[in-house]
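Values quoted throughout were computed directly from the atomic coordinates according to the rules given, and no laboratory measurement underlies them. Nothing here was measured: the structure is a model prediction, and the numbers come from that model. Note that each Cβ is placed from the backbone with ideal geometry, even for glycine, and that neighbours are counted across all protein chains shown.
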Amino acid sequence: MSALLSLRNVWVEYGEKIVLEDVKLDIAPGSFVSIIGPSGAGKSSLLRVILGQETPTRGTILLDDEPLTPECGPDRGVVFQRYSVFPHLSALGNTLFGLECAQAPFTARLFGAKRRAAVAEAEEMLTAVGLGDSLHLYPAEMSGGMQQRLAIAQALVKRPRILLLDEPFGALDPGIRADMHALITRLWRDYSLTVVMVTHDIKEAFSLGTRVLTLDKRRHDPHAPHRFGATAVYDLHLTKPKPGCADKDDDSSITIDNINNN
Ligand SMILES: Nc1ncnc2c1ncn2[C@@H]1O[C@H](COP(=O)(O)OP(=O)(O)OP(=O)(O)O)[C@@H](O)[C@H]1O
Ligand SMILES: [Mg+2]
């Protein structure tokens, strides 16, 4: 099977505390994986190990069948719930920064033709997320929804193949969330992304995802709450019409192909 990302018996432990226990997961290219689970289950920890920000205590993660490099590579982009943009840089500056770091790792500055090309790419990405008219605004001058659009542009400008989202819409009003759902579905399709999104909103998990994974503890020890970690207790593969063809609020066409409760 050709998984893009493969977690093989991954454990994450902090001292005595076991957070993730023996997670086995193959993520197919082009899938949109929603991750749900109780607070503290280890959802963000799972994203951090996929991002390469943290190394699992045990187990391996393969990207294209190769062990993941320890640092966060350009193939993975990330958006957190909030505060992932730099307050002292404009929308354009924030988006350019990622490109400058990737292309000029020591100075984070590009000059001449390279800079012009980077500015054009950043502008194109800001337009794609709906911020084409806000290039020179600073985060403090933007709404929460605009800041999340900017965070998405910043993550996508490096053209990652995998986009990791940690409750990216959790702080937004319902109307703005619906716009963001349409945006992320469009970007997922247009840029052929593989998305892994953590959310607390079960409806969002099912309406956006092609697969919904529930992280939770399979065993509890009431006397030692940290003795057991969480793992994927439910893994639902969904079939749905191609994005953009269905009303985004209509979940009735979802069928569940496969439930793995191993
Ligand atoms: N650096 C760390 N050192 C020690 N414990 C940590 C560390 N990072 C996370 N933890 C612990 O790991 C557990 C899982 O945390 P994590 O943030 O992954 O949960 P989560 O599922 O994302 O929760 P939430 O839904 O509240 O965001 C928690 O008990 C947390 O306290
Ligand atoms: Mg979290």
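Quick look at the values:
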{"quantity": "Vicinal HN-Hα couplings computed from phi for region 217-232 (Karplus, 6.51 cos²θ - 1.76 cosθ + 1.60; Hz; Gly/Pro x)", "calculated": "7, 8, 10, 10, 10, x, 8, 9, x, 9, 6, 10, x, 8, 8, 7"}
{"quantity": "Estimated inter-spin distance, Ala28 and Thr60, nm [label 7 Å along Cα→Cβ]", "calculated": "2.4 nm"}
{"quantity": "DSSP beta bridge pairing in the chain, given as percent antiparallel to the nearest 5", "calculated": "60 percent"}
{"quantity": "Cα lying deepest toward the dipole's positive end in the chain, options Gly175, Leu193, Ile50, charges on Cβ", "calculated": "Ile50"}
{"quantity": "Helix axis angle, 174-190 relative to the chain longest principal axis, alpha carbon, degrees", "calculated": "90 degrees"}
{"quantity": "Where only C-alpha atoms are counted, convex hull volume of the chain per residue in Å³", "calculated": "147 Å³"}
{"quantity": "Extension gain from Leu89 to Ser39, taking 0.36 nm per residue of separation minus the Cα-Cα distance", "calculated": "14.8 nm"}
{"quantity": "Euclidean distance of C-alpha centroids, region 119-172 and region 42-62, integer Å", "calculated": "25 Å"}
{"quantity": "Peptide ranges 90-100, 191-201 listed from the most packed, as the mean C-beta count within 10 angstrom indicates", "calculated": "90-100, 191-201"}
{"quantity": "Alpha-carbon Rg/Rh ratio, for region 84-159, with Rh computed the Kirkwood way", "calculated": "0.95"}
{"quantity": "Amide proton proximity set for Arg211, modelled H, under 5 Å, gap of 5+", "calculated": "Phe32, Ser34, Leu238"}
{"quantity": "Dipole moment magnitude, nearest 20 debye, the chain about Cα centre, only Lys, Arg, Asp, Glu C-beta charged", "calculated": "340 debye"}
